[in-house]
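Notes follow once the structure below has been shown.
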Amino acid sequence: MLAAFVATLTGCAAPRPAPVRDTTPPPPAETGTAPSVVKQEGTHVVRPGETLLGIARQYAVSVKDIVAWNNLADPNQIVVGQTLRVAPGGATGTVVQPIATTQPVDIQPVKPAGEMPPTVAGLKQEPRGGKQPYSEEAWAAINPKASSVPAPIPPTADPDKAAAGNTVWLWPAGGQVIETFDEATNKGVDIAGKPGDPVIASAGGKVVYSGSGLRGYGKLVIIKHDANYLTAYAHNQQLLVKEGDSVSKGQKIAELGSTDADQPKVHFEIRKQGRPVDPLKYLPAR
């Protein structure tokens, strides 16, 4: 599923508590820091390295809600030190530690084609491109309310052989499979097509994500089918559904494209309890 399509997208010494009241004038701020700020209940003060997607996950709300509550014209231009409302209401505040001076927050540039990022422990190297690097944590943060940590799988069980109840899955596009499932390198199947070809819902359910916030997936739709199963449809050129929409099996949800991809195709995933499974074990034979 969207937990682990999936808490996923990450201690340190405990911060020294700041006094709630202090009549002594504060010393001059060091270069690169700003005075303490007052954080109201129901708000969040942006810290270095944070993104709107990560903040939304912390408070189990959607990026769309935070944008609306704060009248943000551009969700990618939040800045360090900015106070964001993360709930409809607020109350009295408490003092929090100083934070870095105002500067744009972590908008990662896309690396040139063919350039691989350095290996970092715990961070998968694919997919690449876009705003938020791929990881199970980033995947889960797209919609935390639809995510859960996968339960341990008994050694004798093979969840890939069990279908989702009586669901009969549909192929999301009519082209040929050009890349098959590999849990380490490709978490679904890639289906070739022409730009504008219809992309359909493999089964009925509710749209829990529609956007382009996850690096390497381009314009992405994620549908939750039940408590166990999610499907994802990536690289679309146009999205035809929005978060919260109910869709029926076979409904056109997007137009095939090549966003964050090297050719027009649909990258299709099925996730059971957050774990990617081989779609070819669920889809009907052609």
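The values are calculated or read from the model by the stated rules, or taken from the named source; none is laboratory data. Just so you know, these numbers come straight off a predicted model, no measurement behind them. Heads up, the Cβs are rebuilt from the backbone with ideal geometry, glycines too, and the neighbour counts pull from every protein chain shown. Each accessible area value is taken on the protein alone, full model and side chains, heavy atoms only, with ligands, DNA and RNA left out. Shrake-Rupley method; radii C 1.70, N 1.55, O 1.52, S 1.80 Å.
Quick check: convex hull of the Cα atoms in the stretch 209-286, volume per residue, rounded to a whole Å³?
That works out to 108 Å³ per residue.
At what distance in angstrom do the alpha carbon centres of the stretch 220-286 and the stretch 191-207 lie from each other?
Between the Cα centre of the stretch 220-286 and that of the stretch 191-207, the gap is 6 Å.
For a quick check of understanding: with a 1.4 angstrom probe and all protein chains in place, what accessible area in square angstrom does Ile200 have, to the nearest ten?
Approximately 40 Å² of Ile200 is accessible to the 1.4 Å probe.
Compare His225, His44 by solvent-accessible area with a 1.4 Å probe and give them largest first, with all protein chains kept in place.
His225, His44
Per residue, what accessible area does the stretch 192-286 have, given a 1.4 Å probe and all protein chains present, in Å²?
On a per-residue basis, the stretch 192-286 sits at 37 Å².
Ignoring ligands, DNA and RNA, what percent of the 1.4 Å accessible area of the stretch 188-243 is carbon and sulfur?
50
Pairs of lysines 8 or more apart, or on different chains, with alpha carbons under 25 Å: count those in the stretch 158-250, would you?
Close lysine pairs found across the stretch 158-250: 20.
Based on the mean of other Cβ atoms within 10 Å per residue, sort peptides 234-244, 262-272 so the most packed one is first.
In decreasing order of mean packing, 234-244, 262-272 become 262-272, 234-244.
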